[in-house]
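So the structure is just underneath, and the comments pick up after that.
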Amino acid sequence: MRPSPVISAIGTGALAFGLALTMAPGALAAPAAAPQAPTPDDTASTMMEALAADLDLSTPQAEELLEAQEAALDVDAEATEAAGDAYGGSLFDIDTRELTVLVTDADAVSAVEAAGAEATVVTHGIDGLEDVVEDLNAADAQEGVVGWYPDVESDTVVVEVLEGSDADVDALVEAAGVDASAVQVEEVAEQAETYANIVGGLAYYMGGRCSIGFPATNSSGQAGFVTAGHCGSVGTRVTIGNGTGVFERSAFPGNDAAFVRGTSNFTLYNLVYRYNSGGYQSVTGTSQAPIGSAVCRSGSTTGWHCGTIQARNQTVRYPQGTVYSLTRTNVCAEPGDSGGSFISGTQAQGVTSGGSGNCSSGGTTYYQEVTPMINSWGVNIRTS
């Protein structure tokens, strides 16, 4: 079973790429005007260039990776169904191009392999690990503990603590009442921050600057876009060139999602802007990519960068509040990239929440999945 956590504080939230045609990204520090009525150019080749640069691949290797990931989506759906109640998660290896489906019952191995995926038997699986995450979420957090996430590959929940801190993870584990063998501890150099000061995809303004996630319509069919909830509360007004909008939904903390409804001059395109190439990436669906898949991010501060999905259902303790069910990546980002698009191939994945590090030395960035916004708010991501 794939997790689709329900957005809490349902009174807010949603993503979007609704762009007024006179407003578009250009230079990273000060976005310039984008072409009128943009059309997808050679999106495959430009994504391959970004993957090649950020993942240290040759262009043919990047092309093979995209093709393998596209094929793996169909295999993953079939193998997940074949595993049934024993489904424990999915992993995609960008080096071997192999998809592995984890199962909690050895009897499900043959069915998964018949669907075309590798199979590995684990003890907890994604559901068991998420139970541990939920128990940790309910416990009193310890000073120095900055987050935790289920690592399906190791079949444990990783608890992150600041280097040099006196974080008492044993006390946290005891308070949560979870099995200590299901937990491992990792030190991190810094605490994650939200990226809301100056923000990114295509830029929009609301007193500060954030980035559009994906163009979308609300449950009534009104045009808008999804973005990060920490960028604005319900009622916050935004401007995008000669277009205007308002935060119709917003959830933060707890979740980090928002929907901005257009109030004038919104024209939606199923595109994500690639700052570094000056072109656009088409969005054709919202299929969730397996852990390990390559993913790219667009933001108005640092532009277009790629990496891989490392984990889902991460709990992150930002200074402004704790956010649950984020997806962890090794894609870099910086303040101002908040709300921007995360995409794998042509499949919309989520919107940038926050992270640590930067695009000079590298870092960790988290995104809010689009699926909960679709399921909870009736948001419809533009895919054609």
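The values are calculated or read from the model by the stated rules, or taken from the named source; none is laboratory data. From a predicted model like this one, the values you see are computed outputs, not experimental measurements. Don't worry about glycine lacking a Cβ; one is built from the backbone with ideal geometry, like all the others, and counts go over all protein chains shown. Side chains included, ligands, DNA and RNA excluded: accessible areas come from the protein's heavy atoms. Shrake-Rupley method; radii C 1.70, N 1.55, O 1.52, S 1.80 Å.
Observations on the model:
- Top-ranked residue of the range 255-292 - restricted to ones that are of a type outside the set (G, A, S) and open to solvent by 40 Å² or more (accessible area, probe 1.4 Å), ranked as nearest to T80 (Cα to Cα): T286
- Leading residue by the ranking (least open to solvent (accessible area, probe 1.4 Å)) among those in the range 75-108 that are assigned to a loop (DSSP other than H, G, I, E, B) and among the β-branched types (V, I, T): I94
- Close pairs (7 angstrom Cβ cut-off, 6 or more residues apart or separate chains): outside any loop (DSSP other than H, G, I, E, B) in the range 225-246, open to solvent by less than 40 Å² (accessible area, probe 1.4 Å) and of a type in the set (D, E) anywhere: G229/D256; H230/D256
- Strands (runs of 3 or more DSSP E) within the range 264-375 that include 3 or more residues in contact with a helix residue (DSSP H, G or I) (Cβ under 7 Å, 6 or more places away or on another chain): 279-282, 303-318
- Residue match in the range 281-301 (condition: touching a Cys at 6+ places or on another chain (Cβ under 6 Å) and within 26 Å of G208 (Cα to Cα)): yes
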